[in-house]
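Quick notes on the structure that follows.
The values are calculated or read from the model by the stated rules, or taken from the named source; none is laboratory data. Remember, it's a predicted structure, so these values are computed and weren't measured experimentally. No Cβ is skipped: glycine too gets one built from the backbone with ideal geometry, and neighbour counts run over all protein chains shown. Calculation scope for accessible area: heavy atoms of the full protein, side chains included, ligands and nucleic acids excluded. Shrake-Rupley method; radii C 1.70, N 1.55, O 1.52, S 1.80 Å.
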Amino acid sequence: MELDISRIKEFNDDELKQLIEYDESINQDLIKAADVVRRKYYDDKVFLRGLIEFTNYCRNDCYYCGIRCSNRNATRYRLSKEEILDACEQGYELGYRTFVLQGGEDVTFTDEKICDIVSAIRSKYEDCAITLSIGEKSKESYKSYFDAGANRYLLRHETADASHYGKLHPESMSLDNRKRCLYNLKEIGYQVGSGFMVGSPYQTTDSLVADIRFLQDLEPDMIGIGPFISHKDTPFRDKDNGSVELILRMISILRLMFPYVLLPSTTALGTISPTGRELGLQAGANVVMPNLTPVKYRTQYELYDGKICTGEEAAECRGCLEKRIESAGYRVVTDRGDVAKN
Ligand code: SAH
């Protein structure tokens, strides 16, 4: 059957499945169509988000993740409030107007501490967006961070197929809870980002279709996807990494299905291919997340093996990314980069 990409939003599950599994002949058509849509909504703009990986302590034990609590080989660190504020200052000078605070689920960062840090950033940088990415919390906790000044929250659902979810996570975690968190975040008023790994162990095309269907229901402002990459100290150490072709195809499909969405070209994509992030932008992504974590901790936030961008100071990182963005045919803008939805 011939697939008419212009009908993608009306595709049934079988058609979507077919598109995801199509041979490579359709790739260029898909990428071109996605680029037309991204330019219609976002022109050639690429937004920067300064990423601060502020703790690698985690109470969870996700089978894929290098900072899972049972990895005894991980060297643990956490940033002080001052270190976080210093990183924001550097980022502000480099033109970043969004700070993303990401970390493991570190129980020593109580709600009170998170609120204190968020309100300190908020009072210093009124014109910036503050994004949190610190996992599953109660609705009350999410509300308290929001009231302290956080605007956005990233929480990938990882996979929308419950049995697949169970193969990636210990029994203490559930897809239902993950979803509940996402709907709670939306209700509170956050700009919400979800997403999933591509090529994670036991993933099927059906689970990718389920991911798209879940996202259609959630209607997130941001969708973060990246290839699964194995980590040597996890149960998935021998599993294959996600492929560049499949992730690019999924980026284009998401751009066509969610024209307005903020879609990062991720560090994981840059890790599996030297030009991965450029290709991601050309396939429909419009966000990159330069690293603002102090260099001395960078290698310790090791979610997967071989993570790139662990050596350069923040300013070098900024310069390198700007060159890559321009070489891909796009333009860096230094504003908050809110979603083009409304
Ligand atoms: N504790 C936070 C942040 C998790 S790390 C949370 O629960 O949301 C951010 C993302 O890294 C995860 O959502 C996951 O999709 C991704 N990640 C973790 N391990 C990975 C791996 N081995 N390969 C690729 N991506 C990985």
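From the set of residues in region 164-178 that are in a helix (DSSP H, G or I) and either of a type outside the set (A, V, I, L, M) or closer than 27 Å to THR98 by Cβ (or both), which is nearest to the chain's Cα centre (by Cα)?
The first filter runs over region 164-178 and keeps only residues in a helix (DSSP H, G or I), leaving 164-168, 175-178.
Imposing the further condition that a residue be either of a type outside the set (A, V, I, L, M) or closer than 27 Å to THR98 by Cβ (or both) reduces the set to 164-167, 176-178.
On the way: HIS164: 20, TYR165: 18, GLY166: 21, LYS167: 21, ASP176: 20, ASN177: 19, ARG178: 15 Å.
That would be ARG178.
Matching residues to (1) within 23 Å of VAL261 (Cβ to Cβ); (2) open to solvent by less than 40 Å² (accessible area, probe 1.4 Å); (3) of a type in the set (Lys, Arg); (4) touching a Gly at 6+ places or on another chain (Cβ under 6 Å):
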| site | (1), (2), (3), (4) |
| --- | --- |
| LEU132 | yes, yes, no, no |
| ALA148 | no, yes, no, no |
| LEU155 | yes, yes, no, no |
| THR159 | yes, yes, no, no |
| SER172 | no, no, no, no |
| ASN184 | yes, yes, no, no |
| TYR190 | yes, yes, no, no |
### Task
Take ARG237 and decide whether it is more than 14 Å from the ligand (Cβ to nearest atom) and either under 18 Å from GLU15 (Cα atoms) or surrounded by fewer than 18 Cβ atoms within 10 Å (Cβ to Cβ) (or both).
no
### Query
Within region 314-342, can you find the residues that are among the basic types (Lys, Arg) and either in a loop (DSSP other than H, G, I, E, B) or touching a helix residue (DSSP H, G or I) at 6+ places or on another chain (Cβ under 6 Å) (or both)?
ARG324, ARG336, LYS341
### Single unsatisfied condition, GLY311 versus (1) assigned to a helix (DSSP H, G or I); (2) more than 28 Å from LYS167 (Cα to Cα)
(1)
### Query
Residues in region 182-229 that are among the polar types (S, T, N, Q), closer than 29 Å to GLY306 by Cα and out of contact with any Ser or Thr (no Cβ under 6 Å at 6 or more places or on another chain): how many?
5
### Query
Is at least one residue of region 247-260 open to solvent by 20 Å² or more (accessible area, probe 1.4 Å) and closer than 24 Å to GLY311 by Cα?
no
### Task
Answer yes or no: is there a residue in region 73-93 that is closer than 23 Å to ARG331 by Cα, β-branched (Val, Ile, Thr) and touching a strand residue (DSSP E or B) at 6+ places or on another chain (Cβ under 8 Å).
no
### Task
Kindly indicate which of SER207, SER252 is within 15 Å of the ligand (Cβ to nearest atom), outside any strand (DSSP E or B) and in contact with a helix residue (DSSP H, G or I) (Cβ under 7 Å, 6 or more places away or on another chain).
SER207
### Message
Given the options VAL198, VAL244, name the one that is within 26 Å of THR271 (Cβ to Cβ), among the aliphatic types (A, V, I, L, M) and open to solvent by less than 10 Å² (accessible area, probe 1.4 Å).
### Response
VAL198
### Task
Output yes when any residue across region 70-82 is closer than 20 Å to GLY193 by Cα, crowded, with 17+ Cβ neighbours inside 10 Å and not aliphatic (A, V, I, L, M), and no when none is.
no
### Query
How many of the residues making up region 101-132 are without any contact (Cβ under 8 Å) to a residue 40 or more places away in the chain and among the hydroxyl-bearing types (Ser, Thr, Tyr)?
4
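For residues in region 286-342 being of a type in the set (S, T, N, Q) and open to solvent by less than 50 Å² (accessible area, probe 1.4 Å), which is farthest from TYR42 (Cα to Cα)?
Per the stated criteria, the residue is GLN300.
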### Hey, LEU51 away from the ligand (no atom under 16 Å from the Cβ) and not in a loop (DSSP other than H, G, I, E, B) or not
no
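Here are some residues: GLY224, GLY195, GLY242. Which one is near the ligand (Cβ under 9 Å from one of its atoms) and either without any contact (Cβ under 8 Å) to a residue 24 or more places away in the chain or at positive phi (or both)?
GLY195
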